[in-house]
Every structure is written in structure tokens, then in C-alpha cells.
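These notes concern the structure reproduced below.
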Amino acid sequence: MTKKGVLVTGGAGYIGSHTLRQLGEAGERLVTLDNLSTGFRDAVLFGDFIEGDTSDQELVGRILRDYDIEAVLHFAAHTIVPESVSNPLKYYGNNTCATRRLLACCQEAGVRHFIFSSTAAVYGIPEGGKAWEDSPTAPINPYGSSKLMSEWMLRDLSAATDLGHVILRYFNVAGSDPQGRIGQSTREATLLTKVACEAAVGKRESVAIFGTDYPTPDGTGVRDYIHVEDLAAAHLRALDYLRAGGASTTLNCGYGHGYSVREVLDAVERANGKPLNIIEQGRRPGDPPQLIAGAGRIRRELGWEPRYDDLDTIVQTSLAWERRLLKAAPCA
Ligand code: UD1
């Protein structure tokens, strides 16, 4: 009998492609569905690739049948917070309505397991700068709200049917494949590690620090940076967990400790062997001073243990990928 399939939506994107690669290395039968709006075809290193939208119910229904899909890992989403503020319906359309359509197909086809990419943005600005899975959800932007609404649909669908789910709430994802095959290729990136590495290789003139007067040890914002390889591994653990009959659950994905903007920039300077051109600016609206994961539950429930919990490793892999991108497409 042919092995049951695993559908990865958004498998051509940053986190999706790293997870897909690990799933492929583990011998899974894979199919990626991605519309390539922000992803890259050559990041899909395993399985079949189908270009299309997760909201295309006819197409998704066919994939679920043709590949006898047992599990769906749903990465496909828009993820730029400021854009979600200026164009909220784009985010509700893609992150919420398209997810609803995908879930309807899964229900129809009797898919058993669903792993959903959610975000720490569902917590908004948690008290004390630390959020546990049962902390109040209070998103402060449409990106966070669009993901939280999908969490609710999933919760309710699992209560009503046999679909089991794991919701993974990502904190600040960084780093890239240590073997350099794939990485973060996002155009017009705004994330700190990406921007700082672009500045290090000369793609940007400078990197800004948004706010030096926060109530943190060095005055700059503190975040829980998680290496994308560890995050990808959490998805494989989640799949094992559901296959073994684990109950639907929601898990933070972070290390449980953080680094400041200055610490991140210091690590980039160390990795690059020369100083960055750093410009201190005012706070960016909507940025909490600190956002750290309460990170015990994922270890307890999935037995997940990080392998790359080290800022220098995270930054070195990000920088190595940025150098590769520069070689492939040198600055004019
Ligand atoms: C943002 C989103 C979060 C989302 C995540 C991944 C907000 C409030 N949060 O996280 O919901 O899940 O992206 O998409 O938008 N910084 C600088 N200079 C820069 C860029 C960032 O100083 O050029 C600082 C920020 O002020 C912050 C830290 O670096 O303190 C991390 O910022 P960033 O990488 O943009 O991620 P978040 O804003 O934490």
C-alpha cells in the first residue's frame, strides 16, 4: 500500500521549506502547495510541488484525495505586521478566510492531523513581557487577530470532528539551514536578524535600533529568538505526537529567554568580524519592550529539546545565508 501523504502549504517559504526538508529527510511522502507570492520554488527540496492557493477548494480537494493526505501542515500566510495594519482585509482574507476553506476541505476529506503556524502576536503585549499558552490573548494588530481567529476555528472543528491539531505559536524565528541549502530569502525584510545581516554584507547602508529607552537591561527591545531548525523540528515532533494519539494542544515555540537588539547586533558584528553602521532611532509603534515565551509546555508535551539555543549560532547561519544570496545576486 502506498504511504499516506503529508500536505505542506507554504512549503516554499522560510519556515515551511525548513520543515519540509526535515520531513523529507525523515522519509515522509510530501506535497507542497504554494502560490509563490513570497516563497521560492527552489526552496522546495523534497516531494511534489503544486503552484496554487490554499483557498482553491477544488484544487485542495483533489490534492487531499490524490495523495491520500493524512496530515496538513499549514504555513501559507501573510506575515508582515505593518502591512496587516494598512491592509487588514488582505490578512483576514489569506490568513483567516483561506484557512477556513482549507479546513472545510480537510473535514470533507477526513484529514486526521493538522499543524497550524500561529504566532506570539496573539498575545499582544503580555504582562511582564512573558507569555504562557494560557496567558490572555489580546492581539494588537490584524496579523495577530487573523491568526487567532484561525486558532478558534481549528479548536471548534477539532471539538466537533475527529481532526486533531497542534497550534504552534512562533516567537522570533531566525537562522537558516546549517548546511546552507535554504534560508530566509524574504524580499524587503523588516525582521531584525535579516536586516542586520543584510547590513553586514553591504546590502544596506545601516541598521537602526528602534528605541534605546525601554525598561530593559540595555534599553533596547528583548525578544525570544528561536533557530528555524529547532522550530522545524518542533513540527516533526508535533506530527509524531498526533499520530500517537496526542490530544489537540497549543504550544509556544521559543527558548524561554531573550536577547536585546544590542546583543543581536553585537553577535552579527562578531560573526562578520567588523562593526555595523548602527543608527539609534525612536521606538517603533506597537513594539513591546520584551516578549519571551513560557517554554515549558512544548518540552513536556512533545519531548522537544532545542539543538541551536545559542545566539552566535543563530546569527552565523543567518549571515552565511545572506552571503550566499549576495553571491547569487550581487548588489548593483
Ligand atoms: C514581529 C511581529 C510579530 C511577528 C514577528 C515575525 C510586531 C510587534 N511583532 O516581531 O508579531 O510574529 O515579527 O513576523 O510587529 N528592531 C530594530 N531594528 C530593526 C528591526 C527591528 O531595532 O531594523 C527591533 C524591534 O524594535 C524589536 C526587535 O528588534 O525590539 C525584533 O523586531 P522584529 O525582528 O521586527 O520582530 P518583532 O517585531 O519582535
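Each residue in region 292-332 was checked for being touching a helix residue (DSSP H, G or I) at 6+ places or on another chain (Cβ under 9 Å), open to solvent by 30 Å² or more (accessible area, probe 1.4 Å) and of a type in the set (Ser, Thr, Tyr), and 1 pass.
Inside region 82-126, residues that are within 16 Å of the ligand (Cβ to nearest atom) and of a type outside the set (A, V, I, L, M, F, W, C) make up a count of 18. Note on region 181-191: residues that are within 13 Å of the ligand (Cβ to nearest atom) and open to solvent by 50 Å² or more (accessible area, probe 1.4 Å) amount to 4. A Cβ distance below 6 Å, combined with a sequence gap of six or more or placement on separate chains, defines the contacts here; from region 287-298, residues that are over 9 Å from Asp224 (Cβ atoms) reach residues that are crowded, with 17+ Cβ neighbours inside 10 Å and among the acidic types (Asp, Glu) in the pairs Arg297/Glu133. If you take the residues in region 133-179 that are in a loop (DSSP other than H, G, I, E, B) and β-branched (Val, Ile, Thr), which one is surrounded by the fewest Cβ atoms within 10 Å (Cβ to Cβ)? It comes out as Thr161. When Pro217, Pro178, Pro142 are checked against the criterion of being more than 20 Å from Asp266 (Cβ to Cβ), of a type outside the set (A, V, I, L, M) and within 15 Å of the ligand (Cβ to nearest atom), a single residue qualifies: Pro142. Every condition in (1) within 20 Å of Gln316 (Cβ to Cβ); (2) open to solvent by 10 Å² or more (accessible area, probe 1.4 Å) is met by Ile226 except one, and the failing one is (2). Just one residue in the set Leu36, Leu45, Leu7 is closer than 25 Å to Tyr92 by Cα, surrounded by fewer than 20 Cβ atoms within 10 Å (Cβ to Cβ) and not basic (Lys, Arg); that residue is Leu36.
The values are calculated or read from the model by the stated rules, or taken from the named source; none is laboratory data. Keep in mind the model is a prediction, meaning the values are calculated, not measured. All Cβ positions, glycine included, derive from the backbone under ideal geometry; neighbour counts span all protein chains shown. SASA here: full protein model, heavy atoms, side chains in, ligands and nucleic acids out. Shrake-Rupley method; radii C 1.70, N 1.55, O 1.52, S 1.80 Å.
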